[in-house]
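Scroll down for the structure; my scribbles are underneath it.
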Amino acid sequence: MKLTTEEITLRLQNLPGWHEKEGKLTKQFRFQTYMEGVDFVNRVADLSEEVQHHPDVLLTYRQVELQLTTHDQGGITEKDFAWIQHLETE
């Protein structure tokens with residue numbers, strides 16, 4: 001079920017660097033080298049396959065941006081926050 005703006009704001013308070021942008025949870029990760037970013041994207045891909053929930057990923061020279069939403073619910077859901085918890089505790 002799609003979360004309300006208030007629910008999203010409350011949950012984001014405990015997730016440094018994550019914010020809501022245009023109906024998606026977004027965070028930018030910076031790396032020392034391009035290959036560190038590639039390695040991170042590979043870990044994201046493995047996690048995403050494991051839990052069957054896939055973010056949009058933008059890989060640039062030394063930065064990766066993740067955007068997460070639950071497409072079949074038309075917005076941000078608890079599933080998105082659960083995915084972030086898996087990533088952040090890895």
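Could you check the range 9-43 and list, in sequence order, the residues that are in contact (Cβ under 8 Å) with a residue 24 or more places away in the chain, assigned to a helix (DSSP H, G or I) and touching a Phe, Trp or Tyr at 6+ places or on another chain (Cβ under 8 Å)? Outline the logic, then answer.
Initially, the range 9-43 is screened for residues in contact (Cβ under 8 Å) with a residue 24 or more places away in the chain, giving 11, 15, 18, 20-21, 23-34, 36-37, 40, 43.
This time we only want the ones that are assigned to a helix (DSSP H, G or I), so: 11, 34, 36-37, 40, 43.
Correct list: ARG11, TYR34, GLY37, PHE40.
Name every residue in the range 43-88 that is hydroxyl-bearing (Ser, Thr, Tyr) and over 16 Å from PHE29 (Cα atoms), in order of residue number.
Just the residues of the range 43-88 that are hydroxyl-bearing (Ser, Thr, Tyr), to begin with: 48, 60-61, 69-70, 77.
Correct list: SER48, THR69, THR70, THR77.
Conditions tested, residue by residue: (1) of a type in the set (Val, Ile, Thr); (2) loosely packed, with under 14 Cβ neighbours inside 10 Å; (3) in contact with a helix residue (DSSP H, G or I) (Cβ under 7 Å, 6 or more places away or on another chain).
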| position | (1), (2), (3) |
| --- | --- |
| ASN14 | no, yes, no |
| LYS21 | no, yes, no |
| THR33 | yes, yes, no |
| ASN42 | no, yes, no |
| LEU47 | no, no, yes |
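Limited to the range 57-87, what total is found for residues that are part of a strand (DSSP E or B) and either hydroxyl-bearing (Ser, Thr, Tyr) or surrounded by fewer than 19 Cβ atoms within 10 Å (Cβ to Cβ) (or both)?
Looking only at the range 57-87, we keep the residues that are part of a strand (DSSP E or B), and these are 57-60, 63-68, 70, 75, 77.
Narrowing the set further to residues that are either hydroxyl-bearing (Ser, Thr, Tyr) or surrounded by fewer than 19 Cβ atoms within 10 Å (Cβ to Cβ) (or both) leaves 57-60, 63, 65, 67, 70, 75, 77.
Looking only at that region, the number is 10.
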**Options GLU88, GLU65; residue that is modelled with pLDDT under 95 and under 10 Å from the mean Cα position of the chain (by Cα)** = GLU88
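The values are calculated or read from the model by the stated rules, or taken from the named source; none is laboratory data. All of these numbers come straight from a predicted model, not from anything done at the bench. For neighbour counting, all protein chains shown are included, and Cβ atoms are generated from backbone atoms with ideal geometry for every residue, glycine included.
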